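What follows is a short report on a single structure.
Bear in mind these aren't lab numbers, they're just calculated from the coordinates by the rules spelled out. The structure presented is a predicted model; accordingly, all values stated were derived computationally and were not measured. Glycine also receives a Cβ, built like all others from the backbone with ideal geometry; neighbour counts cover every protein chain displayed.
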Amino acid sequence: MDGPAIDPAIALHMPQHPFLLTASVGDERTGLVTTWAQQCSSSPLLITVAIERGTEIEPLIRDSRTFALTALDPHDRLIPRRFNPPPPRNEDPFVGMRLLTAVTGCPILKRGQYWLDCELVGHLAPDASHRIYIGQVVATGLGEAAITEDSAHELAAVIASN
């Protein structure tokens, strides 16, 4: 091979944090766990999130033009079990969970560290396994598992170990 090789393990060193991505349209709502979310603009505050093609959440985001992200405690085991893999479209995975809604009406977990409520401003559909959705943040808040200095250090250690 001429030229540099691509080592996919290098991408594992990029900063990642577990988020619950949620969306809703009418009575239908769902979520999925992702680590592929990041800020892409400060004015206005824009967030990107990569979503695997064909997941149940994509039509909800496109129809509602909204989504929310809740930062999960990296040690939380309940949320990943409930939302990874994403639940079937006819199932409400939020039953029994403590939720709130902000501007967009998307379900937001109270048990998270912080949350971002977003209006969809664009999306990219590259010839790849994932699509990229761009949301303008319209509201934010802290959750019940607010970040402490200790949890920030734990999060940094988890990220460094990946």
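Summary table
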| item | result |
| --- | --- |
| Residue match in region 29-40 (condition: over 20 Å from residue 142 (Cα atoms), basic (Lys, Arg) and crowded, with 19+ Cβ neighbours inside 10 Å) | yes |
| Qualifying residues in region 60-99 (those that are of a type in the set (A, V, I, L, M) and more than 15 Å from the chain's Cα centre (by Cα)) - the one surrounded by the fewest Cβ atoms within 10 Å (Cβ to Cβ) | 95 |
